[in-house]
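The values are calculated or read from the model by the stated rules, or taken from the named source; none is laboratory data. Remember, it's a predicted structure, so these values are computed and weren't measured experimentally. Cβ: placed from backbone, ideal geometry, glycine included. Neighbour counts: every protein chain shown.
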Amino acid sequence: MSPRLSIDGLTIAMPAGSDRALALDGVSLSIAADEIVCLVGESGSGKSMTARAILRLLPPVARVAGGGIVLDGKEDLLRLPEAAMRGVRGARIGMIFQEPMTALNPLHTIGAQIGEAFQVHTAFGRREIEARVQALLAEVLIPDPLAAARAYPHELSGGQRQRAMIAMALAMEPGLLIADEPTTALDVTTQAQILKLIRELQKRKGTGVLFITHDFGVVAEIADRVAVMQGGKVVEQGAAQDVLDRPQHPYTRRLIAAIPPLHPVPARPFERSVQLQVAGLSKTYGGKGPLRTSGRVVQAMKNLSFDLHRGFTLGIVGESGSGKSTLARCLVRLLEADSGRIRLDGIDLTALSAKQWRRESRRVQMVFQDPFGSLNPRRRVGDIVAQGPIVRGEPRKQVQARVRRLFELVGLAPDAVLRFPHEFSGGQRQRIGLARALALEPEILVADEPVSALDVSVQAQVLDLLAELRDRLGLSLIFVTHDLRVAARIADDILVMRNGEIVETGSAGQILLHPTHPYTQALIAAVPGRHWNPPNAGAADSAA
């Protein structure tokens, strides 16, 4: 029986001046019916380019230089006329894009966008299309399918938008489904539901699935076979169990070694002393105002109280909407809490005037989730890092010398101070964000999801760097994350949030190994690949 899809020697050339001459270099892989093939690798490895080549959605600068893509043992997709290819997209090959908010049209309802596939590929009438759309939304477990069909993308949650994308991709019951990082931005429980849904639909309909991801936990949860890409080439492929448990290529071994194990770090033998005390902190959004007429109120934080010990790392975990980022912003007074107290070594930070806070704010600095969004693209990174101390009156020459030392400290070349943010990779930009926070010589770093957008190996490097800086500089860390594996790698203590409240707190060992609250237990149970024990996990440095 012919495979559902067969890629043979696919080569895609890029124009002169690109990062590399070939975006894809002789890529070969196949996907059978009723099989999930996971395509893994870091950013820039060629995963998404492979997916777009299958659908002939390549950027204009890319050129197919060789190879073929055969669907169902018949047509070579690279040689089909465009009119015939339009009949393939959606009808025979469905695609789930990585970011549904970008892929969905904000001006049309969810129902209209799912129904478009029926309008293009069938002769169904309006009523039949509406009935099928609602059936699809029910099939992907969206509550109240009728209301969801009438909603616009911004009116649904991230998980619901992703489910709508899956419904759209499955509308015509395609024989092949391509899922490009469909769970990257989702909370762990929503991710688990989506993975289960894709597996169930694939089994029920006999669909072949190409699942693109950089998360080996997801691979362990869902894959039948695995193909690993590096620099536009497939460097290893085989049965999932073989690749995961007995990786052959050094690159695969390095990726797997970088995965944080879901086990707490050993308790550090330091004496505990309270440095930061949070008591009764609350914050509410909404209510009626000049631009708000609904009067809807959301209580983002409800009477939060906890302590941060000097030199320790407190991990704050929970799903989207739990109040984690609101708490982080209140701690550095980017947001003002409605009530409660934040005391640093006995000083009530919430009671300080703006002038007094400016003097104390250098003691608590923040590292943001998106370093590119928080760095001014028009300024050199050295000037960005130096801005804080210079504004506070320190001599420019002295600050510039310190900035160059900071770049060395975070693993960047001192001469990099002359470059602009777009000239760095994501991991390097996060290091610049760290240098900017450290320029004011803080005592506490508040890190809001600082590694969530990074590849697993870069993520490991940044986590190791944070731990090293904490120990070398005597810092305390508040580390916000939705990834329990990341929390396990760096946190001494963990605080679990849900709907603006703290549901459980304790040492990392206690929370990860002996959780008592049902919500914490559900979070841990939903971690993809939690039963897989990666060979040499957490040993990225030695693997490299």
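Descriptive notes on the structure:
- Taken over the stretch 89-140, the criterion of being more than 25 Å from F211 (Cβ to Cβ) and hydroxyl-bearing (S, T, Y) is satisfied by T109, T122.
Conditions tested, residue by residue: (1) aliphatic (A, V, I, L, M); (2) on the phi > 0 side of the Ramachandran plot; (3) in contact with a Pro (Cβ under 9 Å, 6 or more places away or on another chain).
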residue: L170; (1), (2), (3): yes, no, no
residue: L195; (1), (2), (3): yes, no, yes
residue: E200; (1), (2), (3): no, no, no
residue: L210; (1), (2), (3): yes, no, no
residue: V219; (1), (2), (3): yes, no, yes
residue: A239; (1), (2), (3): yes, no, no
residue: P260; (1), (2), (3): no, no, no
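- Restricting the stretch 103-158 to residues that are over 29 Å from the mean Cα position of the chain (by Cα) and aromatic (F, W, Y), the residue that is farthest from E319 (Cα to Cα) is F124.
- Whichever residue in the stretch 209-225 is of a type in the set (D, E, K, R) and within 25 Å of P174 (Cα to Cα) and, among such residues, is surrounded by the fewest Cβ atoms within 10 Å (Cβ to Cβ): D224
- Restricting attention to the stretch 347-359, the residues that are aliphatic (A, V, I, L, M) and surrounded by 12 or more Cβ atoms within 10 Å (Cβ to Cβ) add up to 3.
- Of all residues making up the stretch 60-112, the number that are assigned to a strand (DSSP E or B) and either within 25 Å of A32 (Cα to Cα) or of a type in the set (S, T, Y) (or both): 14
- Residue count, the stretch 310-344 (criterion: touching a Phe, Trp or Tyr at 6+ places or on another chain (Cβ under 8 Å) and not hydroxyl-bearing (S, T, Y)): 6
- Across the stretch 404-445, the qualifying residues are those that are of a type in the set (K, R) and in a helix (DSSP H, G or I), and the one among them that is farthest from V381 (Cα to Cα) is R405.
- Residue within the stretch 397-408 that is surrounded by fewer than 19 Cβ atoms within 10 Å (Cβ to Cβ) and among the small types (G, A, S) present: yes
- Listed by first and then second residue, the pairs with beta-carbon distance under 7 Å, at least 6 apart or on different chains, first residue in the stretch 149-172 and under 17 Å from L195 (Cβ atoms), second of a type in the set (F, W, Y) and surrounded by fewer than 22 Cβ atoms within 10 Å (Cβ to Cβ), are M165/F97.
- Scanning the stretch 488-504 for residues that are over 18 Å from L469 (Cβ atoms) and among the aliphatic types (A, V, I, L, M) gives A488, I494, L495, V496, M497, I502, V503.
- Residue check, A123 exposed (fewer than 15 other Cβ atoms within 10 Å of the Cβ), among the aliphatic types (A, V, I, L, M) and not in a helix (DSSP H, G or I): yes
- Condition check for G238: out of contact with any helix residue (DSSP H, G or I) (no Cβ under 8 Å at 6 or more places or on another chain), surrounded by fewer than 22 Cβ atoms within 10 Å (Cβ to Cβ) and under 13 Å from V40 (Cα atoms): yes
- Enumeration of residues in the stretch 160-196 that are among the basic types (K, R) and in the same structural domain as H121 (by TED's automatic domain parsing): R161, R163
- Summed over the stretch 302-346, residues that are crowded, with 17+ Cβ neighbours inside 10 Å, free of Cβ contacts under 8 Å to residues at least 60 places away in the same chain, more than 26 Å from the chain's Cα centre (by Cα) and not in a strand (DSSP E or B) total 1.
- The one condition from (1) closer than 17 Å to I31 by Cα; (2) touching a residue at least 40 places away in the same chain (Cβ under 8 Å); (3) touching a Pro at 6+ places or on another chain (Cβ under 9 Å) that Q191 does not meet is (1).
- Complete set of residues in the stretch 248-287 that are at pLDDT 90 or above, within 28 Å of L513 (Cα to Cα) and touching an Asp or Glu at 6+ places or on another chain (Cβ under 8 Å): L255, V274, Q275, L276, Q277, V278
- Top-ranked residue of the stretch 216-245 - restricted to ones that are of a type in the set (G, A, S) and in a strand (DSSP E or B), ranked as nearest to D483 (Cα to Cα): A227
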